[in-house]
Amino acid sequence: MRELGRDPATAQEPGPMGGSAMKSYTTYITFNTTKRQEIIDITDQLEEFLRERPVEEGLMLVSAMHITASVFVNDHEPGLWQDIQDWLEGVVAPWDHHPACKDDYLHNQTGEDNGAAHLRSLAVGHQVLVPITNGRMDLGPWQRVFYGEWDGRRPKRVVVKIIGE
Amino acid sequence: MRELGRDPATAQEPGPMGGSAMKSYTTYITFNTTKRQEIIDITDQLEEFLRERPVEEGLMLVSAMHITASVFVNDHEPGLWQDIQDWLEGVVAPWDHHPACKDDYLHNQTGEDNGAAHLRSLAVGHQVLVPITNGRMDLGPWQRVFYGEWDGRRPKRVVVKIIGE
Amino acid sequence: MRELGRDPATAQEPGPMGGSAMKSYTTYITFNTTKRQEIIDITDQLEEFLRERPVEEGLMLVSAMHITASVFVNDHEPGLWQDIQDWLEGVVAPWDHHPACKDDYLHNQTGEDNGAAHLRSLAVGHQVLVPITNGRMDLGPWQRVFYGEWDGRRPKRVVVKIIGE
């Protein structure tokens, strides 16, 4: 009913990097959004970092250092970004009441007001891993990497770490 | 009230791979489903790849190269697979209207019809990392790796990259 | 409208670990909760493991070995932990009926009763990757690592694997 197998046309197997030493590079990207919630395409910055610190084969971790933000892979399409934000507000975690009831988040009784942003970070995730193949970010044709700010207007950071050969 | 600690019976610590060189292997798995939405167990193919390209200790990244698909770890049980698809359709992101309202996805006003599949990919995630220990995929007894197709009937790919020793 | 760039103050780039060999360490953490659902901070145990098996630059995978549990990064705040559990029960996957209807989970017709816990694991995710920089877990100031038990009262395990230099 369906084809399923290794794709011969694209089975670029770089082969064993026998004898190679491991390299590791780290940088941090900072954000300070003017809006409370914002989706920012960071793919170009990640590519720039990989050009500066070339690795042929490896993994690039891109991980938000905050618990009210996300890093995710999806489409560079502004309508979709609005769909995502409407979904977070209307379904996942409304800002002004817990989605399971009409009461406030318990977290917001501690002096915070961002309980919703914590659940949004949890639902979308806070990190992605980009494979690096033949010196390039090995993404699909439509895949881009995004920072999702769910409680902005203050400095936030993303750590980017490459390990590989 | 609860036990919490390192499990002595299973604390197989392979120890430092002092002096070992890093290896890296990459392959791609292709899918072309006849159904729009489908869940496919790819664990056997991943094990086969690891047998072909043996690594004793490391990580295997399994990552969808599309933004309307997922890779996840769960149970090999067809009832559950239907539960997941009912949940994606009935709760996370109905195909024919945005879950926060009765209107269509903004993304679908760009000529696409798969806004729901983008949100499904975001909710479930698009990648997993399988630890490799003593030359084997170090999964729990019930853990299997799945490809989740949320907008099928066209060629899709998953990249699989092993790094380790 | 927003600042966006590399943070010069924190751009600690450890530089190429040229000529370094890869190290790999693995351990397992066991849980046996008295409650069906529980959120447990495991950050201290992870730090202890890194002290025992020092790595300067690398990645630490923390991955649940069960399909009714999660590992995630969020805040050490008990009100939030209750918010998360209320969200899982009230929005994501109620224990006693599928959230898309009032019927039971199909999975629960196989003799199981934990269909909800499978969906909870899927929504929150079952693993995180902690970057290691300068010998430390490179987490943000409020980030802690949690084990989320969604179907407890039996032994469960988390695998922890460090690879790096």
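The values are calculated or read from the model by the stated rules, or taken from the named source; none is laboratory data. No experiment lies behind these values; they were computed from the predicted model shown. Reconstructed Cβ throughout: ideal geometry from the backbone, glycine too, with neighbour counts over all protein chains shown. Heavy atoms of the whole protein, side chains included, go into the accessibility calculation; ligands, DNA and RNA do not. Shrake-Rupley method; radii C 1.70, N 1.55, O 1.52, S 1.80 Å.
Here B:Gly125 passes the criteria (1) at positive phi; (2) within 9 Å of chain A (Cβ to nearest Cβ); (3) without any contact (Cβ under 8 Å) to a residue 12 or more places away in the chain except the one numbered (3).
From the list B:Arg120, B:Arg144, the one residue that fits, being among the charged types (D, E, K, R), open to solvent by 60 Å² or more (accessible area, probe 1.4 Å) and closer than 30 Å to C:Arg157 by Cβ, is B:Arg144.
Checked against the criterion of being over 20 Å from B:Ile67 (Cβ atoms) and out of contact with any Gly (no Cβ under 8 Å at 6 or more places or on another chain), the candidates A:Gly111, A:Gly164, A:Gly140, A:Gly148 yield just one match: A:Gly111.
Restricting segment A:118-141 to residues that are hydrophobic (A, V, I, L, M, F, W, C) and under 15 Å from the mean Cα position of the chain (by Cα), the residue that is farthest from B:Ala123 (Cα to Cα) is A:Met137. Within segment B:107-145, the residues that satisfy the criterion of being within 30 Å of A:Gln82 (Cβ to Cβ) and part of a strand (DSSP E or B) are B:Gln127, B:Val128. When segment A:151-164 is limited to residues that are open to solvent by less than 40 Å² (accessible area, probe 1.4 Å) and either under 16 Å from C:Gly140 (Cα atoms) or at pLDDT below 95 (or both), the one that is farthest from the other protein chains (Cβ to nearest Cβ) turns out to be A:Asp151.
Residues that are under 30 Å from A:Tyr28 (Cα atoms), open to solvent by less than 20 Å² (accessible area, probe 1.4 Å), facing chain A (nearest Cβ under 10 Å) and hydrophobic (A, V, I, L, M, F, W, C) occur at least once in segment C:131-141. Pairing each residue of segment A:78-90 that is within 7 Å of another protein chain (Cβ to nearest Cβ) and within 15 Å of B:Cys101 (Cα to Cα) with any residue that is hydroxyl-bearing (Ser, Thr, Tyr) and outside any helix (DSSP H, G or I), provided the two are 6+ apart or on different chains, yields C-beta distances under 7 Å for A:Asp83/B:Tyr105.
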